[in-house]
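**Q** Pasting a structure here, questions to come.
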Amino acid sequence: MSRKPELRGRAARLARLFPTGPGQAARTPFVLLVVLLLGGGLIGLLVLNSALSEGQFKLDDLQKQTKSLTDEEQALQRDVDAYSAPDALQRRAHELGMVPGGDPAFLDPNGTVKGVPEQAAAEKTSADTPVVLAPEALISRPSPSPTPAPGAAAPVAGPTPTPARSVPPVRSTAVQSSTPTTPGR
């Protein structure tokens with residue numbers, strides 16, 4: 001019947017590398033290798049999925065924390081805006097004993113005073129009552145009002161602020177040079 005031809009040289013060497021005859025390679029090591037690869041892949045996917053889930057939980061916690069901190073920042077910004085409103089600033093200045101200033105006077109570079117400085121005078125107007133209340137005024141707290149015992153001296157209030165005095169114009173007696181100087185040169 002059919003006979004295999006004999007191979008020579010390089011072909012013979014290559015033919016020895018391939019198995020001949022009815023013998024087959026053992027299937028057990030191959031099956032074991034495939035099972036190990038599949039099992040390792042599944043375990044790797046499980047670990048990866050767990051890590052992603054843990055990261056998602058951390059991300060959710062950080063997003064909640066960011067939202068609460070943003071809300072707190074907005075509340076603080078509202079408080080700052082309420083405190084810096086012109087009416088609130090005027091009311092706080094009045095509580096501290098400050099009074100509106102008069103017309104300003106300006107000092108020229110040559111030492112002369114432009115304008116007439118005026119002393120600030122405390123005047124009571126309807127502008128002293130604030131139209132917009134500061135946040136602390138909205139909180140109702142009972143104010144403790146101690147009643148002095150009979151025969152006790154009345155509590156002494158602190159020193160009352162005095163309005164600023166007007167400053168007379170300042171005349172410069174220094175001799176000016178004809179060439180102006182620039183600082184740093």
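The values are calculated or read from the model by the stated rules, or taken from the named source; none is laboratory data. Keep in mind that what you see is a predicted model, and the values were worked out from it rather than measured. Cβ coordinates were reconstructed from backbone atoms using ideal geometry, including for glycine residues, and neighbour counts include every protein chain displayed. For accessibility, only protein heavy atoms count, side chains too; no ligands or nucleic acids. Shrake-Rupley method; radii C 1.70, N 1.55, O 1.52, S 1.80 Å.
This table checks each residue for (1) among the charged types (D, E, K, R); (2) outside any helix (DSSP H, G or I); (3) touching a residue at least 40 places away in the same chain (Cβ under 8 Å).
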{"residue": "Leu46", "(1), (2), (3)": "no, no, no"}
{"residue": "Asn49", "(1), (2), (3)": "no, no, no"}
{"residue": "Asp60", "(1), (2), (3)": "yes, no, no"}
{"residue": "Glu73", "(1), (2), (3)": "yes, no, no"}
{"residue": "Asp87", "(1), (2), (3)": "yes, no, yes"}
{"residue": "Ala93", "(1), (2), (3)": "no, no, no"}
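**Q** In this structure, does Ala26 turn out to be over 30 Å from Ala120 (Cα atoms), at pLDDT below 90 and open to solvent by less than 80 Å² (accessible area, probe 1.4 Å)?
**A** Numbers: over 30 Å from Ala120 (Cα atoms): yes; at pLDDT below 90: yes; open to solvent by less than 80 Å² (accessible area, probe 1.4 Å): yes.
Taking the combined requirement at face value, the residue satisfies it.
**Q** When only residues in segment 108-122 that are touching a residue at least 60 places away in the same chain (Cβ under 8 Å) and of a type outside the set (Gly, Ala, Ser) count, which is most open to solvent (accessible area, probe 1.4 Å)?
**A** Applying the first criterion (touching a residue at least 60 places away in the same chain (Cβ under 8 Å)) to segment 108-122 yields 110-112.
Then drop every residue that is not of a type outside the set (Gly, Ala, Ser), which leaves 110, 112.
Details: Asn110: 79, Thr112: 48 Å².
By that ranking, first place goes to Asn110.
**Q** Looking at segment 68-107, which of the residues that are small (Gly, Ala, Ser) and open to solvent by 60 Å² or more (accessible area, probe 1.4 Å) is farthest from Ala121 (Cα to Cα)? So that I can check it myself, show each step before the final result.
**A** Here is the first cut: in segment 68-107, the residues small (Gly, Ala, Ser) are 68, 75, 82, 84-85, 88, 93, 97, 101-102, 105.
Checking the rest, the ones that are also open to solvent by 60 Å² or more (accessible area, probe 1.4 Å) come to 68, 84, 101.
Working: Ser68: 48, Ser84: 24, Gly101: 8 Å.
Residue satisfying both the conditions and the ranking: Ser68.
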